[in-house]
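A short worksheet on the structure shown next.
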Amino acid sequence: MPAYNGIPVSSLNKRLTISISIIVLFAFTALVYFQYYDYSDAVNFKFNWKSAPNIDQIHKKTAKLLYGPIVAHEDSVEKHLKIPIEVMWEGLYIHGLEILEKSWENGDYAEAGSQIRTFSQLYTLLNDRRELQPLLRSLPNYSKIKDLVEKLERKIYPWINHKFHSLKNIRKSWRGRGLILTTGHKHFHYALHAIITLRKVMKFKLPIEVFYNGEDDIKDYMKEILDRIPEVSVIDISKYFNTPMEGWHSKPFAMLASSFAEVILIDADVLFLQNPNVMFDFNGYRETGTVFFHDRTIVNVNMPNGLKWFKTWMKDPTEVGRNTRFWKHISDHEMESGAVVYDKRRTYLALLAACWMNAKGNREIALQDIWGDKEMFWMTAEMIRVPYFFVPVYGGTIGYLDSDSYVCGGLYHGDEKEQPLWWNNGVLINKAYHMDRFLNFTHHTIDHTGNVTWKWEDENNPYCLMPQNPDKEIRELSLSEKMKAEKLVELFKLVYQVGVVENDWNKVLKKVGY
C-alpha cells in the first residue's frame, strides 16, 4: 500500500478531507457571525438585530425547516429572506434569555405566543432532530441551551412540576394506543353507555382511561362500576398537574397525562358507528399526528368577536389556518372537540400549548371571545406553527327527516370517505329536557360548503340541517348502520332505566356481560 513517511496514503486522504470540512464549517460560521454580530465589544458579543431577522421571521423560518412550508405563510420579502440555521439558533437563544427576564401580562397573547414558539422550537431542535445535532453541537451556546430550555419550561408551564416534574418525564410515560374520556357524576351514565357501546357494539379492544377531576367530581360507586370493566382505568386528573381545572378545560390535560402515546379523546356523550381505530388510519393522521373535526357552520350567534381577538395575536396563520371558515369569517365556530386524536410523540408541544391555553388565568381571557375548549386545540397548533389535520367536511346531523326534509339529530361527523363515524349528544332528542324521547336513526347529512340552513334546537326538537344540495348530500343509513344505532338506543335505555332510575348497576353490568 502506498505510504508517505510511513503513513498510508488512504489515511492521509481521509485526514485531508476531515481538515477541509472543518475549515469550510469554520469559514461559513465566521461569515454568519460577521454578518449578524457586533464585535465592538471584544469580550461580550452582541447580536446585531439591525441587520439580523426579527424573531417572527426566525420563528417562521425555523418552523419551515422543521415541518415544511405549509406551516410558514411568508410574504414576498420573507420568501426570499435566507436565514442560516446558525442565525435561527442564536436568535432563539437570545430571545429565550429575554423571556426569562420578562413577566407575561395577562391578556397579552401575542407575547405569550412568541414565548411559547421560542420554547417549542428550541426544545424540538435540542431533543427531536438528531440529524441536526452535529451542526448544532458545533455552534456557540449549545452547552447553555439545555439549561435555558429547562428554565423556560418551568417559567411557561409551571404546573408540570407536580407529579411528573418535567416534560421529559411525561414523554417517558407514554406507551401504545388507547382511548380516554373525561366525566363527572352528572355525566356518568353517558360515559358508561359510551364505553359499553364501544366494547359490545363497535368491538373496540384498546384500553380506556376515564379521567375525573377531584374526589367531589365522581362517586365512589361509579369508580367501582367502571373498574369492573376489563381494560378500563379510572384516574383523578387533579393529582397530575398543579393548576385548578374545571369542566371541558381538563380535556387536554387528560390527554397529556394519559399513558397512551397515541390517544383518542371523546366526550362522554359521543357515540360511534365505526370502530374508533379507523381514525389512526386516516391519511391526515399519518401525515400530521392529529385528527380534528370541524364544528357546524354558525355565524353571529354568539362570540362574534372571536376572529378579531384571534388576529390580535395570530396575524399570519399557517396555510391550514388561513383556509378555515373562522379566518374567512364564514363561521364563528371552527372545531368540534367531541373527538380529538393526537400522536403525542409527534404533537406533544401542540398539546402542551393547548393545556397552557386551558389553564386557569389563560382560559378566562380566551373565553371572552371563543366558546369552550374546542377552538383551543387548533389555535395552539397555529400558535406554535406545527402541522395539523382537519377532516375536510363540516359538522352535519344524523337522525331522522322532519316534515320539511331537514335531517334532525346529533352533531355528526363522517370519516375521510364521508361514511358515518361519530356524533355527540347521544341518542336523545334533547337531553336537556327529556330522558325518554329517543332519536330515530335513518338519515345523515354533511356540510360541504359552509352555506347551509340550520333550525335551532328547542325543547321538543334537536338541531336540524338542510345542506346546500339535499338530493346528493342527504343519505340514508345502511341497514347495518341502522341496526347498530338501534342497539345504541337499546343499551342507553338499559343504562338509564336500570342504572339511574332503579339504581341497580350490578344488573346493568350483568346484562352486558360484566
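The values are calculated or read from the model by the stated rules, or taken from the named source; none is laboratory data. Not measured: the values here are computed from a predicted model. Please note: Cβ atoms are built from the backbone with ideal geometry, for glycine as well, and neighbour counts cover all protein chains shown. What goes into the accessible areas is simple: the full protein's heavy atoms, side chains included, and nothing from ligands, DNA or RNA. Shrake-Rupley method; radii C 1.70, N 1.55, O 1.52, S 1.80 Å.
Quick notes on this one:
- The radius of gyration of the Cα set in the stretch 333-452, together with its Dmax, comes out at 16.8, 49 angstrom.
- Label-point separation in nm, residue 100 to residue 166, each point 7 Å along Cα→Cβ: 1.6
- Annotation: amide H of residue 428 within the under-5 Å range of 439, sequence separation 5 or more or interchain, hydrogens built in the peptide plane.
- Distance between the stretch 287-360 and the stretch 154-233 - C-alpha centres, whole angstrom: 24
- Added length on full extension, which subtracts the Cα-Cα distance from 0.36 nm per residue, residue 479 to residue 110: 127.7 nm
- Dipole magnitude of the chain about its Cα centre (Cβ charges: Lys, Arg +1; Asp, Glu -1), debye to nearest 20: 1920
- Residues whose placed amide H lies under 5 Å from that of residue 298, excluding near-sequence neighbours: 332, 333
- ³J(HN,Hα), Karplus 6.51/-1.76/1.60, whole Hz, each residue of the stretch 435-444, x for Gly, Pro: 9, 10, 10, 10, 5, 9, 8, 10, 9, 8
- Rg/Rh (Cα only; Kirkwood hydrodynamic radius) as it applies to the stretch 410-514: 1.04
- Entries in 186/360; 431/482; 417/487; 146/315 that, when Cα-Cα distance is taken, lie over 28 Å: 146/315
- Neighbours of residue 361 by Cβ distance under 13 Å: Lys/Arg scored +1, Asp/Glu scored -1, total -2.
- Each label was represented as a point 7 Å from its Cα along the Cα-to-Cβ direction; for residue 451 and residue 329 these points are 1.8 nm apart.
- Counting protein heavy atoms only, the chain has 51 percent of its accessible area on carbon and sulfur, 1.4 angstrom probe.
- Long-range HN-HN contacts of residue 234 with modeled amide H, under 5 Å: 210
- Rg and Dmax of the stretch 344-415, both derived from C-alpha coordinates alone, stand at 16.5, 49 Å.
- Placing pseudo-labels 7 Å out from each Cα toward the beta carbon at residue 504 and residue 146 gives an inter-label distance of 6.3 nm.
- Per residue value of the accessible surface for the chain (all protein chains in place, 1.4 Å probe), Å²: 45
- Full-extension gain in nm, residue 315 to residue 437, via 0.36 nm per residue minus C-alpha separation: 39.3 nm
- Rounded to the nearest Hz, the phi-derived 3J(HN,Hα) couplings of the stretch 172-179 under the Karplus curve 6.51 cos²θ - 1.76 cosθ + 1.60 (θ = phi - 60°) are 5, 7, 8, 8, x, 10, x, 10, where x marks glycine and proline.
- A Cβ-based charge dipole, computed about the Cα centre of the stretch 70-149 with Lys and Arg at +1 and Asp and Glu at -1, lands at about 420 debye.
- Cα-only Debye scattering, the chain: base-10 log of I(q)/I(0) at q = 0.09 Å⁻¹: -0.70
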